[in-house]
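To keep things clear, I will list the structure first and then write my remarks on it.
The values are calculated or read from the model by the stated rules, or taken from the named source; none is laboratory data. Everything numeric here is computed off the predicted structure, so don't read it as measured data. Quick reminder, even Gly has a Cβ in these numbers, built from the backbone with ideal geometry, and neighbours come from all protein chains shown.
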């Protein structure tokens with residue numbers, strides 16, 4: 001049985017502020033196979049790594065991230081709310097994340113932005129760093145993935161979902177030609193049809209967010225390709 005890969009969910013986000021360079025560095029230190037993170041566009045069209053659509057919960061700023069310029073975003077503290085030792089940590093650009101991580105691990109880029117140019121601008125940065133073979137682009141939004149397929153035909157795509165795929169959904173997915181499905185992990189525990197249809201199929205199946213070592217072990221037994229976790233060290237130790 002092949003070992004299931006471990007992706008740091010927003011880095012090692014149980015131990016450092018999510019989607020920041022310290023979180024990604026810690027995930028690398030914990031020997032992850034991949035890192036998952038989220039990308040928005042600033043108001044001046046720069047891909048930046050951040051989860052929420054609003055700044056209020058994770059930074060000392062307020063308002064919508066897509067309404068702020070990169071210069072404005074770089075003034076915000078994206079670490080102090082997690083812990084005093086991270087005060088002053090900044091929101092990274094996608095380019096800064098690629099500079100840190102390089103081609104050492106798989107990079108799961110979840111597109112959060114709904115801007116029509118998001119896929120093109122994100123794709124340009126991926127190609128600038130020559131990371132096409134290292135990247136999986138994912139989203140819950142099929143329109144976003146359709147644009148990503150057009151802008152990045154040479155890059156793998158993963159379809160995020162937390163419910164069983166309907167026939168209509170499957171038809172839309174087929175047109176996108178994804179390489180991976182990214183289901184919420186509980187789907188695999190409660191839906192035998194999903195397991196028999198998609199595991200060990202042409203799709204990679206990468207699940208989120210798996211923080212219980214026993215759940216990770218069960219998913220490995222099912223044949224899941226990768227699990228995304230806030231605790232890379234604990235989950236990696238459980239999957240041998």
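Go through 18, 30 for me and flag whichever is over 13 Å from the mean Cα position of the chain (by Cα) and closer than 21 Å to residue 236 by Cβ. Break it down stepwise before answering.
Values: 18 fails: over 13 Å from the mean Cα position of the chain (by Cα).
Result: 30 is the single residue among 18, 30 that is over 13 Å from the mean Cα position of the chain (by Cα) and closer than 21 Å to residue 236 by Cβ.
Would you mention how many residues in the stretch 99-118 are in contact with a helix residue (DSSP H, G or I) (Cβ under 8 Å, 6 or more places away or on another chain) and surrounded by 23 or more Cβ atoms within 10 Å (Cβ to Cβ)?
First pass over the stretch 99-118, keeping only residues in contact with a helix residue (DSSP H, G or I) (Cβ under 8 Å, 6 or more places away or on another chain): 100-101, 103-107, 109, 111, 113-116, 118.
The next check asks that each one be surrounded by 23 or more Cβ atoms within 10 Å (Cβ to Cβ); those that pass are 101, 107, 109, 111, 113, 118.
Result for the stretch 99-118: 6.
When the residues of the stretch 187-216 are narrowed to those that are surrounded by fewer than 16 Cβ atoms within 10 Å (Cβ to Cβ) and at pLDDT 95 or above, which ends up farthest from residue 9 (Cα to Cα)?
In the first step, residues of the stretch 187-216 are kept if they are surrounded by fewer than 16 Cβ atoms within 10 Å (Cβ to Cβ); the result is 189-193, 196-197, 200-202, 212, 214.
From what's left, at pLDDT 95 or above: 189, 212, 214.
Details: 189: 20, 212: 14, 214: 18 Å.
Among those that are surrounded by fewer than 16 Cβ atoms within 10 Å (Cβ to Cβ) and at pLDDT 95 or above, it is 189.
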Exception for residue 2 within (1) modelled with pLDDT of 95 or more; (2) over 20 Å from residue 100 (Cα atoms) falls at (1)
Residue hits (the stretch 41-81; part of a strand (DSSP E or B) and surrounded by fewer than 18 Cβ atoms within 10 Å (Cβ to Cβ)) are 54, 64
Across (1) surrounded by fewer than 19 Cβ atoms within 10 Å (Cβ to Cβ); (2) out of contact with any strand residue (DSSP E or B) (no Cβ under 8 Å at 6 or more places or on another chain); (3) in contact (Cβ under 8 Å) with a residue 24 or more places away in the chain, residue 17 clears everything bar (1)
